[in-house]
Ligand SMILES: Nc1ncnc2c1ncn2[C@@H]1O[C@H](COP(=O)(O)OP(=O)(O)O)[C@@H](O)[C@H]1O
Ligand SMILES: [Mg+2]
C-alpha cells in the first residue's frame with residue numbers, strides 16, 4: 001500500500017531529513033512511526049501527500065508511483081488518504097455536521113449522499129448525537145474525533161495521523177488511538193506518527209523508529225495494555 005525505496009529528502013542548505021529510507025506497508029496494516037522531534041517523521045507524511053518532493057528514491061502508493069506526481073494528479077492522490085494533523089482546527093462557526101460536510105460540498109456531492117456519508121463517519125467515531133453541536137461545545141477528545149471523521153469522508157484507503165494526540169490527556173489519547181485501531185479493523189491502512197513511545201505500546205502493532213533521518217528499528221510493540 002505504501003512503499004518507500006531508498007528515499008532521501010534534503011532541505012537546503014544542509015538538512016538531510018531522510019537518508020535512504022526504505023519500508024513497505026501492506027494493505028490493512030497498522031504502523032506507527034516514532035522518533036524524536038526532527039527525526040523526519042512529518043517529512044514522510046509530506047512526501048506521501050506530495051506537499052514535498054523526494055530528493056532521491058522512489059515512493060509508491062497503492063501501486064501508483066508518485067515519485068514525480070504531476071500537480072494536476074495531486075488532488076486524486078490526496079483523496080486516497082485521510083490526514084489528521086495535531087493542529088488541524090475545526091471551524092468554530094460551523095457545526096460538527098458542517099465541519100465534515102464541507103469537504104464533500106467542494107467536490108459536488110449530492111445533498112442526500114452528503115447526509116448519509118456524514119452520518120456514517122460520525123457513527124464510526126461515536127459522535128452521531130453531536131452532529132448539531134459547535135466545536136466549542138465539545139471536549140478536546142470529541143473535537144479530535146470530528147477531525148478523524150472529516151479525514152474519513154472520502155473513504156480513504158489510508159488514514160495518516162501526524163501527532164493526533166499531541167494536546168490530549170493520557171485517557172483521551174488512549175481513546176483516540178483505540179479509534180484508529182477500530183478504523184484499521186474496518187480495513188483501512190493506518191499510519192500513526194508520534195514522538196510518544198508510550199502510546200504505541202497500547203497495542204501490539206508494528207513500529208518503525210526513526211532517528212535523524214534513518215530507520216533504526218522496525219518491530220512489534222509490546223502491547224502492554226492489550227484489552
Ligand atoms: N521546509 C523545511 N526546510 C528546511 N528544513 C526542514 C523543513 N522541514 C523540515 N525540515 C528539517 O528536517 C528535519 C526533519 O523534520 P520533520 O520531518 O518535521 O521532523 P519530525 O516530524 O520528526 O519532528 C528537521 O531537522 C527539520 O528542521
Ligand atoms: Mg513532525
Point to revise | Members of region 127-167 that are within 16 Å of ligand 1 (Cβ to nearest atom) and either closer than 11 Å to residue 83 by Cα or buried (at least 17 other Cβ atoms within 10 Å of the Cβ) (or both) | key: 160, 161, 162, 163, 164, 165
Practice item. Hey, can you tell me all the residues within region 58-69 that are over 16 Å from the mean Cα position of the chain (by Cα) and either within 16 Å of ligand 2 (Cβ to nearest atom) or crowded, with 18+ Cβ neighbours inside 10 Å (or both)? Key: 59, 66
Exercise for review: Would you check which residues across region 189-217 are away from ligand 1 (no atom under 16 Å from the Cβ), under 18 Å from residue 48 (Cβ atoms) and surrounded by fewer than 21 Cβ atoms within 10 Å (Cβ to Cβ) and list them?
Suggested key: 206
Check your understanding: Could we say that residue 179 is touching a helix residue (DSSP H, G or I) at 6+ places or on another chain (Cβ under 8 Å), at pLDDT 95 or above and closer than 22 Å to residue 43 by Cα here?
Key -> no
Check your understanding: closer than 17 Å to residue 157 by Cβ and away from ligand 2 (no atom under 16 Å from the Cβ) - does that describe any residue in region 35-49?
Key -> no
Revision key, fill the gap. In region 70-85, residues that are buried (at least 17 other Cβ atoms within 10 Å of the Cβ) and in a loop (DSSP other than H, G, I, E, B) total 1
Review point. Any residue at all in region 193-202 that is in a loop (DSSP other than H, G, I, E, B) and within 22 Å of residue 3 (Cβ to Cβ)?
Key: no
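The values are calculated or read from the model by the stated rules, or taken from the named source; none is laboratory data. Treat the numbers as computed from the prediction; the structure is a model and nothing was measured. A quick note on method: Cβ atoms are made from the backbone with ideal geometry, for glycine too, and the neighbour counts reach across all protein chains shown.
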